[in-house]
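Here is the structure we will look at, set down as structure tokens.
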């Protein structure tokens with residue numbers, strides 16, 4: 001059992017991911033790691049730890065001339081004129097250890113501690129890569145309870161390179177796809193998922209190739225103000241603002 005626990009596969013995958021990350025940014029194939037959706041997921045950290053302003057106003061004033069860029073989808077609530085970020089804080093929470101390390105390095109090297117200089121950028125990027133490896137490590141540990149090392153290793157290799165996970169671990173590592181699976185999906189690496197995989201594998205080996213389709217779920221229709229299930233009424237901006245006008249909390 002001890003030798004099984006010392007498989008070099010996960011460290012090897014970590015090195016491959018790190019090499020891909022270095023290649024992407026050393027060759028200029030991607031912009032700064034904190035970009036697009038990654039900016040909106042990350043912006044909580046400088047607001048909390050540097051500016052001490054959870055309302056995000058100080059960050060907006062310092063980085064963006066008082067207005068967040070349109071791509072961030074961070075807008076001012078019409079009645080309160082406070083910033084509203086539709087992106088939740090889960091990614092920022094998982095980035096926090098890396099952010100604090102970057103903050104210390106930034107002060108030590110006398111760079112601008114504004115939350116967006118070199119160390120902050122790559123701390124955010126490397127956090128997504130690191131959580132990818134953590135997820136693969138946990139998944140392998142769970143799979144080994146039901147399968148051989150060979151099957152477990154082939155599964156995580158297929159997951160990393162047979163899906164878009166490697167892309168999100170290296171190129172778009174500040175997006176929430178990687179951290180969401182580690183932090184929010186209750187079935188991620190669960191025993192029930194491992195049993196389901198084992199049952200499907202045994203069925204396929206027995207000659208039954210009928211696909212095991214996922215259970216039907218309400219399809220969420222996601223718009224600017226969040227998501228609704230397919231059973232809900234479609235979003236109407238006129239109806240939304242009319243309801244806001246009726247809400248006594250918004251009339252103060």
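Rule-based calculations on the coordinates, nothing more; no lab input. Since the model is a prediction, treat every value here as computed from it, not as a measurement. When we count neighbours, we look across all protein chains shown, and the Cβ atoms used for this are built from the backbone with ideal geometry, even at glycine.
Please state the shape class of the stretch 1-60: rounded when a/c is under 1.5, otherwise prolate if a/b exceeds b/c and oblate if not, all from the C-alpha gyration tensor.
Judged from the Cα gyration tensor, the stretch 1-60 comes out oblate (a/c at least 1.5, b/c at or above a/b).
At 7 Å along Cα-to-Cβ for each site, give me the label-to-label distance between residue 199 and residue 22 in nm.
The modelled label-to-label distance comes out at 4.5 nm.
Compute the length gained on full extension between residue 9 and residue 163: take 0.36 nm times their separation in residues and subtract their Cα-Cα distance, giving the result in nm to one decimal.
The residue 9-residue 163 span can extend by a further 53.7 nm.
For residue 114 and residue 141 in the same chain, what is the full-extension length gain: residue separation times 0.36 nm, less their Cα-Cα distance, in nm?
5.8 nm
Averaging over all projection directions, find the projected area of the Cα convex hull of the stretch 63-164 and quote it in nm² with one decimal place.
One quarter of the hull surface, i.e. the mean projection, equals 10.0 nm².
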